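For reference, the structure discussed in these notes is given below.
The values are calculated or read from the model by the stated rules, or taken from the named source; none is laboratory data. Being a predicted model, the structure only gives us computed values, none of them experimental. Neighbour counts run over all protein chains shown; Cβ positions are idealised from the backbone, glycine included.
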Amino acid sequence: MALSVKLEVFEGPLDLLLSLIEKNKIDIYDIPIVEITAQYLDYIKHMETEDMNVMSEFLVMAATLIDIKCKMLLPPEVDEEGEEIDPRSELVEKLLEYKLYKYMSYELRDRQVDAATVLYRKKNLPKEVTQFVPPVNYEELIGDMNLSKLHELFKTIIRRQEDRIDPIRSQYGKIEKEEIDMDMKTLYVRAFAQTHRSFSFTKLLEKQKSRAELIVTFLIILEMMHDGEITIHQDELFDDIIITSNFYEEESV
């Protein structure tokens, strides 16, 4: 007569290992790897599943156990601090983490079951109660604070604000960024050069209203000189620069 064996269904290899440890009442920090590996392999031999994905997970763990078993037969490895490295340490960490999540799932399941037996009643308070606002006792709120103390406190706050003001920079007002349209300024300078056959650089700059416009105009003059639209010359050192427009030559050609 054949002997029928009924196997428990485990959720994964870690669940099986944790069950074997608890069944044999083994210290999880000091797992007898030889005994646990033998029991684990014995379970795999009697597994009845056609799912290769599930079976492969159990086989990978079996190979891990055999690898740990082989390492424990060899001389122990030493880390940088000179302490022996336990080949089981990584497996123990995984088991502890799995055990933590497993028991957390049990706790959540129990709370879900308990929640089904709890009934909540909607808040049903009278309108007078919900709109009630407790009176404010101004004497208790102010305490020993009188008008004179409040005035002194106000002056102290004002002095702190005045101390934060820079006595030098505050006299110059607000600095605002000036926006200049480069295209419009270029058209203006070209039109000026076309209507004036020859003119001084100073005369052109005097028509600018700000330092930013002076800089932009100077850059445009350099660009026009590079493109051959104008020619500049200076008779003596420190004399005014004379700008001659070349637009007339282009028209005559």
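Remarks
- Close pairs (9 angstrom Cβ cut-off, 6 or more residues apart or separate chains): touching a residue at least 24 places away in the same chain (Cβ under 8 Å) in the range 209-224, aromatic (Phe, Trp, Tyr) anywhere: Thr217/Tyr188; Ile220/Tyr188; Ile221/Phe201
- Residue count for the range 179-198, restricted to those that are over 44 Å from the mean Cα position of the chain (by Cα) and modelled with pLDDT under 80: 2
Here's the yes/no breakdown for (1) within 18 Å of Glu90 (Cβ to Cβ); (2) assigned to a helix (DSSP H, G or I); (3) modelled with pLDDT of 85 or more:
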residue	(1), (2), (3)
Ser4	no, no, no
Leu7	no, no, no
Leu14	yes, yes, yes
Ile21	yes, yes, yes
Asp30	yes, no, no
Ile36	yes, yes, yes
Ile44	no, yes, no
Ala63	yes, yes, yes
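- Qualifying residue in the range 22-29 (condition: assigned by TED's automatic domain parsing to the domain that holds Lys102, among the β-branched types (Val, Ile, Thr), under 20 Å from Lys102 (Cα atoms) and out of contact with any His (no Cβ under 6 Å at 6 or more places or on another chain)): yes
- Restricting the first member to the range 178-196 and to residues that are free of Cβ contacts under 8 Å to residues at least 60 places away in the same chain and closer than 14 Å to Leu219 by Cα, and the second to residues that are surrounded by 12 or more Cβ atoms within 10 Å (Cβ to Cβ) and of a type in the set (Phe, Trp, Tyr), the beta-carbon pairs closer than 9 Å and six or more apart or on different chains are Arg190/Phe247.
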